[in-house]
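Some notes on the structure that comes next.
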Amino acid sequence: MEAAGSKTSPSEGENQEYRVQVTSKKQLIEQMNKYKEILKIALDGQPDVAEETKKSLLLELLMNFEAAVQANVLVNGQLWEEALEVEAETEAVDLESLLDDTIVETTRRRRAYPRQILPHVVHTLKAERKIMELYEQAVKPQEVVKDPDQETYMNDVSAAAPGMVKEAVQVLKSINTLQKQAEGLCEILNMKPSQASLEIHREVFGFTGQSDAPMTTAARNRQPIRRAVEEAEATECYKPPTKKPEGPVGEERPQ
C-alpha cells in the first residue's frame, strides 16, 4: 500500500515541469558565456586531433551546449524564444535606474538648494533696502489741520440727523392723511343734493330762488310738513297742549 501510494501516476509525471526556472535572461547568458570559455579549452589536451577538426568539434559542442541550456530553462515562466530580449531587458533596467537616480537627485536638490539660495535672497533684500533709503522724497507731505468749528458742525449735524429723519417720516404720513381728507371733502362738495334734502331745506328755510328752481311738479303738489301735521291732528281729534305763560315772581297762579 505504501509503495503504491508513493508512486506517481503517468498523468502527473507528464504534467511535472523539469526545466529550470530563471528570472533574468541576461544573467543566464553571462553564465553561459563563462561555461563556453571553459569548454573552449576542453580539446586542448588532444594533440592527435587536427586543428580544423578541433574547430568544427568545438563549434558543434558550443552550439549543442547553448541549445541544451535554452531548451531546459524557463525565463519568468516563458520559453527562451518567448522571453524578452536582452536589449529590451537592459533598456527597462536602465530606465528604472535612471528614474531612481532622478528621484534621488531631485530630493537632494530640494533639501540643499533652499539653504544655498537663502543667503543670496537676504543679501538682495538688504541691498534693495539700502537703495530705497538713498531716494529723496520729491514731494513733502503736508499736514492737514482739522478745523474745530467744522468738526463741531459735523457732530451737531450727525446728532440731529436721526430726529430730522423721524420728523420727515411723520410729515410724509401727515401729508398722506391730509391728502385723503381733501379728496373726501372734494367728493362731498361735488355731490348733488337729493330731492328729499331739497324739500327739507325748503320747509326749513322757506322758498328761495335757488331751492325752488330744481323742484319738480310732484314736489310742488305736496303739502308742507306743518300743514300735514295739523290736518293729522284735526282728523284724530287731538290738540296739542299749549304752554301757559308764567307770571312774575310773587304772584299767585289762578286756580
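Would it be correct to say that T107 is part of a helix (DSSP H, G or I), at pLDDT below 85 and not aliphatic (A, V, I, L, M)? No. Any idea which residue in the stretch 34-49 is nearest to R19 (Cα to Cα), counting only those that are at pLDDT 80 or above and surrounded by 11 or more Cβ atoms within 10 Å (Cβ to Cβ)? Looking at the filtered set, the residue picked out is Y35.
The values are calculated or read from the model by the stated rules, or taken from the named source; none is laboratory data. Source: prediction; values computed, not measured. Please note: Cβ atoms are built from the backbone with ideal geometry, for glycine as well, and neighbour counts cover all protein chains shown.
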